[in-house]
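What follows is a set of notes on a single structure, which appears directly below.
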Amino acid sequence: MRVQVLTIFPELFAPFLATSLVGRAIEKGLLEVRVHDLRSFTEDRHRSVDDEPYGGGGGMVMTAPPWIRAVRAVSEEGEERPWRVLLSPQGARLDEAKVRELGEKSELVLLCGRYEGIDERVRLTVVDEEVSIGDYVLSGGELPAMVLIEALSRQVPGVVKLADSVANDSFRAGLLDYPHYTRPPVVEELAVPEVLTSGDHAAIRRWRQREALRATLAKRPDLLGSEALARLTPEQRRVIDQVWGQVRDEARRDEK
Ligand code: 4GX
């Protein structure tokens, strides 16, 4: 997969792209990321990328011509036309389903805006989709682009070790992860749950399924809405029904 990034702060990406999983994916040739300085697509002496908004109101708006030139120039490098994504609070919220959808594309162009925003004619002419990483205001689209690249890199075959992807399956099933423990056996008088040191792998599997459901019910009950449940396999639904019964019985016992 190839990702091209357009930004006025290309230097923000260097350590991110050199580190950890993303760094290794790039090193192994599984992921290609090219970062372009938007200013190199300007044509004036001052390499300016912003101007005052028509209609007034303060703040600055990024001008359309450098963006349109930049998107068209980097889009012509590959064979197919890349899918062009604008990071902005006006976008559809990024979630694992959207990451998977974007991961199907062979090439993405990510537009990272700054200031109050970008001239609307950029969105109208060279953007396929707007994506937001959440309902809070940042100063630019660079961090959202890195969030998206990191999530995408995990979908590229061969990037994440098999063991990690199996651990991740609880999330794929629409549930939160179960609690994790490692050495030492006791921390602040809290012992590791006995089942995890029992060697009984079937019991460990059941405990993890159960704790994943318990965590989801306690922290993110919205994930267990009807449409989420409809996406599960019959097998997963059977386990959830079973565990749901256990958790409910336990809650009733605790009430008494
Ligand atoms: N998830 N921001 C983008 C400038 C901007 C505004 C409008 C294009 C159109 C954000 C978010 C986010 C702040 C990045 C405003 N660019 N992006 N920037 N939350 O808050 O994606």
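When residue 138 is tested against (1) over 21 Å from residue 4 (Cβ atoms); (2) within 14 Å of the ligand (Cβ to nearest atom); (3) not β-branched (Val, Ile, Thr), only condition (1) is not met.
Taken over segment 1-19, the criterion of being more than 15 Å from residue 32 (Cβ to Cβ), crowded, with 20+ Cβ neighbours inside 10 Å and polar (S, T, N, Q) is satisfied by 7 alone. Go through the residues of segment 21-38 one by one and say whether even a single one is within 16 Å of the ligand (Cβ to nearest atom), closer than 25 Å to residue 159 by Cα and at pLDDT 95 or above. There is no residue in segment 21-38 that is within 16 Å of the ligand (Cβ to nearest atom), closer than 25 Å to residue 159 by Cα and at pLDDT 95 or above.
Among the residues of segment 92-128, those that are within 10 Å of the ligand (Cβ to nearest atom), closer than 14 Å to residue 147 by Cβ and either among the aliphatic types (A, V, I, L, M) or surrounded by fewer than 18 Cβ atoms within 10 Å (Cβ to Cβ) (or both) comprise 93, 94.
Condition check for residue 81 on (1) within 19 Å of residue 33 (Cβ to Cβ); (2) more than 9 Å from the ligand (Cβ to nearest atom); (3) surrounded by 13 or more Cβ atoms within 10 Å (Cβ to Cβ): one failure, at (3). A count restricted to segment 202-235 and to residues that are in a helix (DSSP H, G or I) and closer than 21 Å to residue 180 by Cα stands at 20. Here residue 74 meets each of (1) within 16 Å of residue 5 (Cβ to Cβ); (2) of a type in the set (A, V, I, L, M, F, W, C); (3) without any contact (Cβ under 8 Å) to a residue 60 or more places away in the chain with one exception, condition (3).
The set of residues from segment 1-11 being outside any strand (DSSP E or B), under 18 Å from residue 41 (Cβ atoms) and not β-branched (Val, Ile, Thr) comprises 9, 10, 11. Residues that are part of a loop (DSSP other than H, G, I, E, B), without any contact (Cβ under 8 Å) to a residue 12 or more places away in the chain and farther than 24 Å from residue 104 by Cβ are absent from segment 62-71 altogether.
Quick check on this structure: which one of 99, 85, 74 is of a type in the set (Val, Ile, Thr), part of a strand (DSSP E or B) and modelled with pLDDT of 95 or more? The match here is 85.
Test of understanding: among 157, 144, which residue is closer than 30 Å to residue 114 by Cα and either in a strand (DSSP E or B) or within 21 Å of the chain's Cα centre (by Cα) (or both)? Sole residue among the options that is closer than 30 Å to residue 114 by Cα and either in a strand (DSSP E or B) or within 21 Å of the chain's Cα centre (by Cα) (or both): 144. Going through (1) assigned to a helix (DSSP H, G or I); (2) free of Cβ contacts under 8 Å to residues at least 40 places away in the same chain one by one, residue 79 falls short only on (1).
Of all residues in segment 128-150, those satisfying the criterion of being out of contact with any helix residue (DSSP H, G or I) (no Cβ under 9 Å at 6 or more places or on another chain) and more than 22 Å from residue 23 (Cβ to Cβ) are 128, 135, 136, 137, 139.
Scanning segment 37-61 for residues that are part of a loop (DSSP other than H, G, I, E, B) and charged (D, E, K, R) gives 43, 44, 45, 47, 52. All conditions but one from (1) surrounded by 14 or more Cβ atoms within 10 Å (Cβ to Cβ); (2) more than 7 Å from the ligand (Cβ to nearest atom) apply to residue 161; the one that does not is (1).
The values are calculated or read from the model by the stated rules, or taken from the named source; none is laboratory data. Remember, it's a predicted structure, so these values are computed and weren't measured experimentally. All Cβ positions, glycine included, derive from the backbone under ideal geometry; neighbour counts span all protein chains shown.
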